[in-house]
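**Q** Quick one: the structure is below, questions incoming.
The values are calculated or read from the model by the stated rules, or taken from the named source; none is laboratory data. What you see is a predicted model; the values in this text were computed from it and never measured. Cβ coordinates were reconstructed from backbone atoms using ideal geometry, including for glycine residues, and neighbour counts include every protein chain displayed.
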Amino acid sequence: MHSIVTTDDGSHSLYEEQLNEQYHSKNGAINESNHVFIQAGLRFTNNHFSSIHILEIGLGTGLNAILTLKENASINKSIQYDALEPFPIKEEIVTKLNYVSLLGIEFEPAFKKIHSCVWEKDIALRPNFYFKKKLNKLEKWEGDKNYNLIYFDAFSPSTQPELWTKTIFEKLNGLLLNNGSLVTYCAKGEVKRQLKAAGFVVESLPGPLGKREMIRAIKSDKN
Ligand SMILES: C[S@@+](CC[C@H](N)C(=O)[O-])C[C@H]1O[C@@H](n2cnc3c(N)ncnc32)[C@H](O)[C@@H]1O
C-alpha cells in the first residue's frame, strides 16, 4: 500500500506501509535524485562516453527517468534507459504525483508513457531517448554487458539486505562496460566493502541535503 508524501523541496515521494520505508529523502525527492543520479551519475558519465546506456534498479515513481530526460535536453546524448521494477505503482497514484507540475508541463506525455507503456519494448520518449521497462527482480533478471551507468535506487540495506551483497554487486559489475559506474544514495561502510569486494573502485562523494556522503563505484579493468 502506497501513500503520497510531500518532501521538503515540495516534490512528492511515496511511503510504502508494509516496508515502513519512503522512496526518497524527506529532505527533497527531486533534490536527492538530481544530486545522486543526475549530477554524480549522468553528468560524470557524459564526460566519458559518446552514447549512454543506463540501467535503473527500480523504476518506482519514474522520477529518475524523467529527470534524465530533462537533463538530456542539455547534454544531448543518445540515451537508452532500461528500468527494472517488479512492483509497479498503481495508475491512481501516478496521476497524483506532482513531478510534471514542478518540472514543466512539456514532460507530461513522456511521464505518462513511462508508466503506461508496455513492458519489454523500447519506447521513444524523444528521438535520442529510448526507454524500456522490465517487470522483473534484479536477483532474477539476466542482462547483457552493455551499460555505462547504473542508478542503484533499491530500498535501503536494512529493508532489502539481499540487494546490497557482493553477489549482486558482482552481477552489476559484470553488466557495466569498462569505466562505467554505479551511483547510489547509500554510503554505509558495509556497502562500500561489498562493492570493493565485487571489483569496484569506490568513491565517497558529498551527499544530498541531510546526508554527509553518497557512493559512486567505478568499474575499472586496472583494478
Ligand atoms: C527506493 S524505491 C526508488 C524508486 C524509484 N527510483 C523512484 O525514484 O521512485 C525502490 C524501488 O525498487 C523496487 N524494487 C523492490 N524490489 C526490487 C528488486 N528485487 N529488484 C528491482 N527493483 C526492486 C521497488 O518496487 C521500488 O520501486
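**Q** Any residue in the stretch 120-132 that is buried (at least 19 other Cβ atoms within 10 Å of the Cβ), within 28 Å of S13 (Cβ to Cβ), in contact with a His (Cβ under 7 Å, 6 or more places away or on another chain) and in contact (Cβ under 8 Å) with a residue 60 or more places away in the chain?
**A** Looking for residues that are buried (at least 19 other Cβ atoms within 10 Å of the Cβ), within 28 Å of S13 (Cβ to Cβ), in contact with a His (Cβ under 7 Å, 6 or more places away or on another chain) and in contact (Cβ under 8 Å) with a residue 60 or more places away in the chain, one finds none in the stretch 120-132, hence no.
**Q** Of everything in the stretch 53-97, what is without any contact (Cβ under 8 Å) to a residue 60 or more places away in the chain and among the small types (G, A, S)? Give them in sequence order.
**A** Passing the criteria: G62, A73, S74, S78, A83.
**Q** Answer with yes or no whether G41 is assigned to a loop (DSSP other than H, G, I, E, B) and either within 12 Å of the chain's Cα centre (by Cα) or small (G, A, S) (or both).
**A** So G41 fails the test.
**Q** Looking at this structure, is V201 over 17 Å from the mean Cα position of the chain (by Cα), in a strand (DSSP E or B) and at negative phi?
**A** Spelling it out, V201 is indeed over 17 Å from the mean Cα position of the chain (by Cα), in a strand (DSSP E or B) and at negative phi.
**Q** Follow-up question, since we're still on this one. Among the numbered criteria (1) of a type in the set (G, A, S); (2) closer than 29 Å to E142 by Cβ; (3) out of contact with any strand residue (DSSP E or B) (no Cβ under 6 Å at 6 or more places or on another chain), which one does S74 miss?
**A** Of everything listed in (1) of a type in the set (G, A, S); (2) closer than 29 Å to E142 by Cβ; (3) out of contact with any strand residue (DSSP E or B) (no Cβ under 6 Å at 6 or more places or on another chain), S74 misses just condition (2).
**Q** Being touching a Ser or Thr at 6+ places or on another chain (Cβ under 6 Å), surrounded by 17 or more Cβ atoms within 10 Å (Cβ to Cβ) and not in a strand (DSSP E or B): is that true of N64 here?
**A** Taking the combined requirement at face value, the residue satisfies it.
**Q** Another question about this same structure. Within the stretch 1-11, track down each residue that is in a loop (DSSP other than H, G, I, E, B) and either within 11 Å of the ligand (Cβ to nearest atom) or modelled with pLDDT under 95 (or both).
**A** Answer for the stretch 1-11, where residues must be in a loop (DSSP other than H, G, I, E, B) and either within 11 Å of the ligand (Cβ to nearest atom) or modelled with pLDDT under 95 (or both): M1, S11.
**Q** Specify which of the listed residues (F49, F37) is surrounded by 22 or more Cβ atoms within 10 Å (Cβ to Cβ) and not aliphatic (A, V, I, L, M).
**A** The match here is F37.
**Q** Output the number of the condition that T61 fails; it satisfies all remaining conditions of (1) more than 14 Å from the ligand (Cβ to nearest atom); (2) among the polar types (S, T, N, Q); (3) modelled with pLDDT of 95 or more.
**A** (1)
**Q** Separate question: Starting from residues that are part of a strand (DSSP E or B) and buried (at least 17 other Cβ atoms within 10 Å of the Cβ), keep the ones in the stretch 68-105 and report whichever is nearest to the ligand (Cβ to nearest atom).
**A** L84
**Q** Something else now. Residues that are touching a Pro at 6+ places or on another chain (Cβ under 9 Å), away from the ligand (no atom under 12 Å from the Cβ) and polar (S, T, N, Q): does the stretch 12-29 have at least one?
**A** Yes, there is a match, as at least one residue in the stretch 12-29 is touching a Pro at 6+ places or on another chain (Cβ under 9 Å), away from the ligand (no atom under 12 Å from the Cβ) and polar (S, T, N, Q).
**Q** Give K188, K192, K171 a once-over and let me know the one that is within 16 Å of the ligand (Cβ to nearest atom) and over 23 Å from L59 (Cβ atoms).
**A** Going through K188, K192, K171 in turn, just one is within 16 Å of the ligand (Cβ to nearest atom) and over 23 Å from L59 (Cβ atoms): K188.
**Q** Right, here's the next one. Could you please find all residues in the stretch 153-163 being touching a helix residue (DSSP H, G or I) at 6+ places or on another chain (Cβ under 7 Å) and either closer than 22 Å to C117 by Cα or among the hydrophobic types (A, V, I, L, M, F, W, C) (or both)?
**A** D153, A154
**Q** I need the full set of residues from the stretch 11-29 which are touching a helix residue (DSSP H, G or I) at 6+ places or on another chain (Cβ under 7 Å) and farther than 21 Å from P88 by Cβ, in order please.
**A** If the condition is that a residue be touching a helix residue (DSSP H, G or I) at 6+ places or on another chain (Cβ under 7 Å) and farther than 21 Å from P88 by Cβ, then S25 is the only one that fits.
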